[in-house]
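Enquirer: One structure follows; several queries about it will come next.
The values are calculated or read from the model by the stated rules, or taken from the named source; none is laboratory data. Predicted, not measured: the structure shown is a model, and the values here were computed from it. Every residue, glycine as well, gets a Cβ built from its backbone with ideal geometry; the counts of neighbours run over all protein chains shown. These area figures cover heavy atoms from the full protein model, side chains too; ligands, DNA and RNA do not enter into them. Shrake-Rupley method; radii C 1.70, N 1.55, O 1.52, S 1.80 Å.
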Amino acid sequence: MSLMPLLKFLLLLLPMLAWAGEAEDFMAARAAFVNAQEDKLSVIAQRLQDSPFEPYVTYYRLRLRWDDPDSTLIRAFFAREEDTPVIDQFRGEWLKRMAKQQRWAEFASEYPNLVETDAELTCHALQWQRREDEDQALLGARALWFTDVAQAENCLPLFEAAMQRGFITPDNVQQRMRSMLEAGKLTQAKKLNRYLTAAQRWPVAELDAAARNPQQYLHKTSFVSAGDGRRAVALFALQRLARRSVNLAHAEWQHIVAEFTPGERQYAFALLGYAAALEHDERALGWYEAAGDAELNEKQLAWRVRAALRVENWPEVRIGIEAMSPQQQNEAAWRYWKARAFQALGLAAEAQALFASLSHEYHYYGQLAADELGIAPDSGMAEVKYEPTEQAVAAMQARPEVQRTILLYRLGLRVEAAKEWDWALRGLDDRELLAAAAVAQRNEMYDRSINAAMRTVELHDFNLRYPAPYREALQSPLQEHALEEAWVYGLMRQESRFATHAKSEDGAAGLMQVMPETARWAARRLGLKGYRKGMIHQLDMNLRLGTYYMKNVYSRFDDSPVLASAAYNAGPTRARKWRASRPLEGAIYIETIPFDETRDYVRKVMSNTLYYAKLFGQRSESLKQRLGVIDSKTPDVAADER
């Protein structure tokens, strides 16, 4: 080997060796911290003092000594120019420690610098505020009462004080209990029972019985002249039973409805309407109407509209959306469906105004709005307006916070890497975001690249928003199964963001997030006799098994990408069950999918597909055309549901 190539090789090799050594030291430092080996940690810290990992190692050392009376070193760490979330993380942990030790002066001096708070710290801060302004602190406690912050144990003294002073009333307690029970938080709800008046208190034994067997409780309990508590338990049982079967719940309710107050009846009909809408039961709108002026939560309001969409009752769609809060109405989904309602009701100018505004937004509803305006499906897709220079990309990669993200990502510490990346992107303008996205893509951190590129406001690069890695590896399975490349990429982007080692909580793995049992089934169908469980993580194998399953569900659902996408996420049985008894517009089928995750999944897969088709230079079919019309249920499926 001549001298020049050897020098080039060494220049490439040396950074890799340095990275390997730092990575080994960093993992050793983490282990020393977990095992409280302070002396060993000090030795390693000397070797990493000029490394991007240094803030983490300093955090480990200070964390082991945070009970020292002298907090000078800790305060010096907090005073650094923050380019890493680990400083703010430690600040939050230390503040909790100070509050528990009643070191309120130190708490008060550092709390204003905290960036990311949580329930426990919020309540500690309000407890400190009580020392100077009791009423203002208790007003703050009332504002927290109806949020998840109320779950923090250290909030209870604050809430009790607010109850004693009347800032939180017994009716507020009852309302909170109902909310908890609706969310399935039985244990937490029971803890609040003692704060009710004697007349309002719920019988705990009956509450447990209703939770175990709501139908039996409703059927066997007498509600004649029942007190407030027993009637409240009955409404909980009704809600619980309706989630299992709206038919059973309605049957039991008919026997006891006369024993309840008008307000309780309206609340019950709101429960039934919501449950029926989720089951695509056409009685839903009638029960929502019977709920009268009952206060509906956001989910109930949304499903009131979806129930109306399912039967294309456009006046009710409009009424339902206009009953929402301004914040909920402003969500893209409800702006689009309100425009569709205006259009159906002959209010063309109002519809056009909403469609025009939406059509400039780069998402599923923006694409659908463009379709309604007759705009070409790719005309709203901005060309690359700005491409970062090599100098800008190099400068971005040299930032310590970006370096840490890359190193943590390579070590498989994805949670820490994601936190570092989010922290690094704070306050960046569009040009800097695109430079960061380019850095991430070059380092094969495609999920982080997409994350950065999606944040731009005016300058966009759709090649960064919709990358197409592993394209060569995908060609063989695409040809084998005759699938549209844009759809496969649209699904992969949603499944894994192109993280090859992605693994979900339920075991789905790889680029295409194939479930282990699905992989075994597909391998058998493909005749792969040597298939073993671990092979699901191999790139070529994952692509072949995933595309085979895509083709299978696509063929089973008459080449409908909407139904196939729903089946890929939630299973073929559910996708089939969600069809209506008549043909249904594809967008309405998607909007009325009962599972939040699957509804969002199908929307994004179909939206992604349109963008990829443009990037690949493929046919420019509109999104509405791609969604098509979903055929009605077959007689056997309808019979099974009866």
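Enquirer: Looking at ASP600, is it more than 24 Å from ALA339 (Cβ to Cβ) and out of contact with any helix residue (DSSP H, G or I) (no Cβ under 6 Å at 6 or more places or on another chain)?
Expert: Judged against the criteria, ASP600 is not a match.
Enquirer: Taking the condition in contact (Cβ under 8 Å) with a residue 60 or more places away in the chain, aliphatic (A, V, I, L, M) and crowded, with 18+ Cβ neighbours inside 10 Å, does LEU309 pass?
Expert: Judged against the criteria, LEU309 is a match.
Enquirer: Turning to a different aspect of this structure: Pairs please, first residue from the stretch 454-478 and more than 16 Å from MET492 (Cβ to Cβ), second anywhere and open to solvent by 70 Å² or more (accessible area, probe 1.4 Å) and in a helix (DSSP H, G or I), Cβ atoms under 7 Å, 6+ apart in sequence or on different chains.
Expert: LEU459/ARG431
Enquirer: Going through the stretch 85-123 one residue at a time, which ones are outside any helix (DSSP H, G or I) and under 24 Å from the mean Cα position of the chain (by Cα)?
Expert: Result: VAL115, GLU116, THR117, ASP118.
Enquirer: Still on this model: When both residues are 6+ apart or on different chains and their Cβ atoms are under 6 Å apart, which pairs have a first residue that lies in the stretch 195-214 and is under 15 Å from LEU181 (Cβ atoms), and a second that is part of a helix (DSSP H, G or I) and aromatic (Phe, Trp, Tyr)?
Expert: As it stands, the answer is ALA209/TYR217; ALA210/TYR217; ALA210/PHE236, since those pairs meet every condition given.
Enquirer: Further, regarding this structure: Output the residues belonging to the stretch 235-252 that are farther than 21 Å from GLN174 by Cα, open to solvent by less than 30 Å² (accessible area, probe 1.4 Å) and hydrophobic (A, V, I, L, M, F, W, C).
Expert: Scanning the stretch 235-252 gives VAL246, ALA249.
Enquirer: Let me ask something else about it. Can you find, within the stretch 489-509, the residue that is farthest from PRO469 (Cα to Cα) among those that are surrounded by 17 or more Cβ atoms within 10 Å (Cβ to Cβ) and touching a strand residue (DSSP E or B) at 6+ places or on another chain (Cβ under 8 Å)?
Expert: It comes out as ALA508.
Enquirer: Could I ask something else about it? Which count do you get for residues in the stretch 448-494 that are of a type outside the set (Asp, Glu), more than 22 Å from the chain's Cα centre (by Cα) and over 21 Å from VAL605 (Cβ atoms)?
Expert: 3
Enquirer: Yes or no: the stretch 596-613 includes at least one residue that is on the phi < 0 side of the Ramachandran plot, part of a loop (DSSP other than H, G, I, E, B) and at pLDDT 95 or above.
Expert: no
Enquirer: When you check THR72 against the structure, is it among the hydroxyl-bearing types (Ser, Thr, Tyr) and either surrounded by 20 or more Cβ atoms within 10 Å (Cβ to Cβ) or at pLDDT 95 or above (or both), yes or no?
Expert: Considered against the rule, which asks whether it is among the hydroxyl-bearing types (Ser, Thr, Tyr) and either surrounded by 20 or more Cβ atoms within 10 Å (Cβ to Cβ) or at pLDDT 95 or above (or both), THR72 comes out as no.
Enquirer: Does ALA564 count as more than 18 Å from the chain's Cα centre (by Cα), surrounded by fewer than 23 Cβ atoms within 10 Å (Cβ to Cβ) and of a type in the set (A, V, I, L, M, F, W, C)?
Expert: no
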